[in-house]
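None of the figures in this text is laboratory data; all of them are computed from the coordinates on show. Keep in mind the model is a prediction, meaning the values are calculated, not measured. Neighbour counts are summed over all protein chains in view; Cβ atoms, including those assigned to glycine, are modelled from backbone coordinates with ideal geometry.
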Amino acid sequence: MVKLKIDNKEVKAAEGAVLMEVIRESGTEVPSMCYLENAEHFTSCMVCVVKDRKTGKILPSCSLQAEEGMDIISMDDEVREARKTALELLLSEHVGDCEAPCQVTCPAHMDIPLMNRLLAQGKFAEALQVVKKDIALPSVLGRICSAPCEGACRRKSIDESISICLLKRFAGDTDMNEEEPWQPTPAPDSGKRVAIIGAGPAGLAAAYYLALKGHQCQVIDRNGKAGGSLCKEVDEEELPADVLQKEIEMIGAAGVTFTLNREVDAKIFHELAKDNDAVVVAVGKGESGVAGWDLPMHARGVVAEGKSYRVGDTSVFVVGSALRPAKLAIRVLGQGKEVSFSVDQFLRNEPVTGERFLFNSRFGKLVPAEYAEYLKESKEGERLEPEVRAQGFTKEQVMEEAARCLHCDCRDLQNCRLRLYSDAYGADQKRFKSEERLACTKQVQHDQVIYEPSKCIKCGICVRITEKYKDAFGFTFIGRGFEVVVGVPFGESTAEGLKKAALEVADACPTGAISRK
């Protein structure tokens, strides 16, 4: 055994133990991209660096053995900056999106690619669950949304965008017409009360998601029925009243109560603020009463914090047209979902920061040479249009249209260490960005995994795993210097290179460059 210090704490370690493992065993997390336990060390990522207190040197902890008398600093400003720089260098060669452009552009931030994949497989109920995680009124929005997501769809540059809104609508309609529509299970009752003033799309979404978080929600509106601008400004042919009513009833079934035909003046507003744990103001256009409620105002509406929608240090939150004029229903509906995170944080006495979004790698537009690569995972053919738009797609058309999706998002979105560490260390993807990026290619020959070389950071994990299994070809480093790439030698396919270790390699890959299909 040897004795050493980690952050001024004396620890013992077996002779020859890897320093990084010793630090982790002492209770301190050390990030790593290239380390593979029980395999030959291959120092490439430099994300695991620590500092030698005696010399001040920055050292890779994955390739050093614990030695007698070591005095290690696992984290300080210099170590943090070194790790951040290492991540930014890795990002400079990593060409891939975490989230697809359609999801980034959607004001509700819906996971559109996942919805598409499920619909293409005929998993309509599962697709609906994905949609309702972010959109409280899928059947309504599927009819009236201006579809900014379709404008950002990469398929548009090849031929025509995916018909995302009609697909979303199908998922909503299919569920709505069931005898027992799907309803997520709300969190346990928190005992907290929230008043939502305004029953338009922003107020309905805020109430729905707050109810699912376990809070008692009352929606108050001066009109005789809920819906706000959806009732007043949308043509019946475009949005049938029964569709809107059914989805509002489903919000009620989640535990939301409605008080209609009630005008909220300054006195009632202050009573609501006093009697409830939080108030969400979500009144629509033309409802000028807000001006008399003693809230801070500017020319466009109420003054509130940009990300949390909170008014100062109060229990009042503001979304929709009361905050600023908004024309798009999807935008105010997205705000309603977002404010539910802020209100929930406030009610749980947590820092009120709003919805949390992780680091998102983006590489921009596809170039024509990459079209064929992305079509490898997609169905060729032009965008489908229903014979009668008001009737929407058939099941067969839905599966066919959803299969046109190019799968632009990352398969390892939740577990990609490059993404998680880049978020934790505040890495800047553009810091070392070169003028010319790597071309995106996809190797899809294997029946279990897919390899996207442009996402590879050359950590060598796949190389070491295939060496362990002694695959006939395996993965190796090809080329020299800055031109080196990881792949199967002699021009063989991934099907040949990963005959034994495919799934283990996919699960160990830190970036999603090699991932399960």
- Message: List the GluC sites (Glu not before Pro) within segment 421-517 that DSSP assigns to loop and that have no more than 10 neighbouring Cβ atoms inside 10 Å.
- Response: 435, 436
- Task: Quickly estimate the mean residue ellipticity at 222 nm for the chain, helices only: each DSSP H run with n ≥ 4 gives -39500 (n - 2.57), and the total goes over all residues, rounded to 500.
- Result: -9500 deg cm²/dmol
- Over all alpha-carbon pairs in segment 432-516, figure out the percentage whose distance exceeds 20 Å. 26
- Message: Tell me whether segment 44-128 comes out rounded, prolate or oblate; compute the Cα gyration tensor, take square roots of the eigenvalues as a ≥ b ≥ c, and use a/c under 1.5 as the rounded threshold.
- Response: prolate
- Item | Considering only the chain, percent of DSSP beta bridges that pair antiparallel, nearest 5 | 55
- Over the chain, the quotient of the Cα radius of gyration and 2.2 N^0.38 Å is 1.13
- Task: Can you tell me the equivalent ellipsoid semi-axes for segment 338-488? Use √(5λ) from the Cα gyration tensor, largest first, whole Å.
- Result: 33, 29, 17
- Note on the structure: Sparse-neighbourhood loop hits (trypsin sites (Lys or Arg not before Pro), segment 260-306; DSSP loop; Cβ within 10 Å at most 15 others) -> 262, 300
- Message: Please report the net charge: other residues with Cβ closer than 11 Å to the Cβ of residue 262, K and R +1, D and E -1.
- Response: -2
- Semi-axes of segment 270-339's equivalent ellipsoid from the Cα gyration tensor, sqrt of 5 times each eigenvalue, largest first, rounded to whole Å? 18, 14, 11
- Given a cut-off of under 8 Å on Cα pairs at least six residues apart, what relative contact order in percent is computed for the chain? 16
- Task: Among the trypsin sites (Lys or Arg not before Pro) in segment 381-462, which ones are in a DSSP loop with at most 11 other Cβ atoms within 10 Å of the Cβ? Mind listing them?
- Result: 430
- Item | Likely footprinting exposure, 1, 399, 250, 297, fewest C-beta neighbours within 10 Å first | 1, 297, 399, 250
- Which of 482, 124, 269 comes first, and how do the rest follow, when ranked by fewest Cβ neighbours within 10 Å? 482, 124, 269
- Neighbour-count ranking [beta-carbon atoms within 10 angstrom, fewest first] of 33, 115, 176: 176, 33, 115
- segment 308-354: projected area of the alpha-carbon convex hull, averaged over directions, in nm²: 3.0
- Query: How big is D for segment 154-254, in µm² s⁻¹ as a whole number, if Stokes-Einstein is applied with the Kirkwood radius of its Cα pairs at 20 °C and 1.002 mPa s?
  - Reply: 139
- Task: Take the alpha-carbon positions of segment 207-303, form their convex hull, and give its projected area averaged over all directions (one quarter of the hull surface) in nm².
- Result: 7.1
